[in-house]
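Step one of this worksheet: look at the structure below.
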Amino acid sequence: MPTEPVPGEVWFAELGMVEKSRPVLVLAMPDPWDARALAIVAPLTSQIRNCRGEVDLGKPRWLPKRSAVNVQGIASFDHGRLARRMGALTSTQFDAVKDSLRDILGL
């Protein structure tokens, strides 16, 4: 039985031919009664530039190399594109992502 994605988890997203399929961090999931079934995500990258808007994750055991969450790349798409769960951030890592989002968005 497939599990539903929850915020703080990293899932592999099948983005089709337009974009490269990649791991993404789930930031928010739609409620069943929402008019649009859009997941809000931030992509992971292994091309770390140590710039504002990146949260370094180190090298989690469920990723092939050192990676970072790119909060500047926030996106939304149909949650059906989330193909498989890869792992989850620690609460400290997810808090750092939320802090980075607040900083980038001026909240």
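Just so it is clear, none of the values below were taken in a lab; they were calculated from the coordinates. No experiment lies behind these values; they were computed from the predicted model shown. Heads up, the Cβs are rebuilt from the backbone with ideal geometry, glycines too, and the neighbour counts pull from every protein chain shown.
Quick notes on this one:
- Each label was represented as a point 7 Å from its Cα along the Cα-to-Cβ direction; for Ile48 and Leu107 these points are 2.5 nm apart.
- Extended-chain gain in nm, criterion 0.36 nm per residue less alpha-carbon gap, Lys59 and Arg81: 5.5 nm
- In degrees, nearest ten, helix 91-105 long axis to first principal axis of the chain (Cα): 90 degrees
- Relative contact order [Cα under 8 Å, 6+ residues apart], the chain, whole percent: 29 percent
- The label point for Ala37 and the one for Ser91, both projected 7 Å from the Cα toward the Cβ, are 3.2 nm apart.
- The gain in end-to-end length when the Ser21 to Lys98 segment is fully stretched comes to 25.4 nm, 0.36 nm per residue minus the alpha carbon separation.
- Most mobile of Trp62, Trp11, Trp33 in a GNM of the chain (Cα contacts under 10 Å): Trp33
- Dimensionless Rg/Rh of the range 9-105 - Kirkwood Rh, Rg from C-alpha atoms: 0.95
- Whether the range 42-86 is rounded, prolate or oblate, judged on the alpha carbon gyration tensor where a/c under 1.5 counts as rounded: oblate
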